[in-house]
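A short write-up of the structure that comes next.
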Amino acid sequence: MKCPYCAFEESSVIDSRLSSDSIRRRRECEKCHKRFTTYERVDELLPVIVKKDDRREPFDRAKILSGVQKACEKRPISREKIDDLVDQIERELQELAVKEVSSKEIGERIMKQLHKLDHVAYVRFASVYRDFKDLNQFMDELQGLLKPKGKSIS
């Protein structure tokens, strides 16, 4: 690590501490003996998101969190459960080990997780994500939730 004071290439680590998303290291230059702090983060390999109009943009956890929070608004769902859901989506995307993923696939993954968590939040998210044009589309989604597995409603 290059010293910010004298640009010498060698330094020793005096102290290391974990913070929420990085490692804080206290270092001492082996030439001038001045101390400085560095922060190290693991480089997360998240895919680029391909939008509906073929634009590409970097993965943004905050966008997913915002959408899930809006869907879960005024529902009995803790912030911890919401964070866990977003963490799960992020982990799944990392495990895909691909360079690009469609926003459609991310939306489907979010809906799958919300379906397990809370049906009202699921329908709220689906109505925005799937861009329901009328009440019939909304009702079709609700009917899918109401059908017992393996049986149809007459």
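Within region 57-82, how many residues turn out to be closer than 16 Å to G107 by Cα, surrounded by 12 or more Cβ atoms within 10 Å (Cβ to Cβ) and either charged (D, E, K, R) or touching a strand residue (DSSP E or B) at 6+ places or on another chain (Cβ under 8 Å) (or both)?
Of the residues in that region, 4 qualify.
When both residues are 6+ apart or on different chains and their Cβ atoms are under 6 Å apart, which pairs have a first residue that lies in region 98-114 and is among the acidic types (D, E), and a second that is surrounded by 16 or more Cβ atoms within 10 Å (Cβ to Cβ)?
The qualifying pairs are E100/P47; E100/V50.
So which residues in region 36-56 are part of a loop (DSSP other than H, G, I, E, B) and either loosely packed, with under 14 Cβ neighbours inside 10 Å or at pLDDT 90 or above (or both), if there are any at all?
Hits for region 36-56 are R41, V42, D43, E44, L45, P47, K51, K52, D53, D54, R55.
Has region 111-125 got any residue that is polar (S, T, N, Q) and surrounded by fewer than 16 Cβ atoms within 10 Å (Cβ to Cβ)?
No, region 111-125 has no match at all.
Assess whether L114 counts as being out of contact with any Pro (no Cβ under 7 Å at 6 or more places or on another chain) and either outside the structural domain of D131 (by TED's automatic domain parsing) or not acidic (D, E) (or both).
In short, yes.
Considering F125, F138, which residue is in contact with a Leu (Cβ under 7 Å, 6 or more places away or on another chain) and on the phi < 0 side of the Ramachandran plot?
Within the list F125, F138, the selection yields F125.
Matching residues to (1) more than 19 Å from the chain's Cα centre (by Cα); (2) modelled with pLDDT under 95; (3) not small (G, A, S):
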| residue | (1), (2), (3) |
| --- | --- |
| D15 | yes, yes, yes |
| S22 | no, yes, no |
| R27 | yes, no, yes |
| K34 | yes, no, yes |
| F59 | no, yes, yes |
| A71 | no, no, no |
| R79 | no, yes, yes |
| L93 | no, yes, yes |
| S102 | no, no, no |
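Which of the residues that make up region 126-138 are more than 24 Å from I49 (Cβ to Cβ) and surrounded by 12 or more Cβ atoms within 10 Å (Cβ to Cβ)?
Q137, F138
With the requirement that a residue be crowded, with 18+ Cβ neighbours inside 10 Å and in a helix (DSSP H, G or I), what does region 90-106 give you?
Correct list: L93, I106.
The values are calculated or read from the model by the stated rules, or taken from the named source; none is laboratory data. Just so you know, these numbers come straight off a predicted model, no measurement behind them. In this analysis, Cβ positions are derived from the backbone assuming ideal geometry, glycine residues included, and neighbour counts consider all displayed protein chains.
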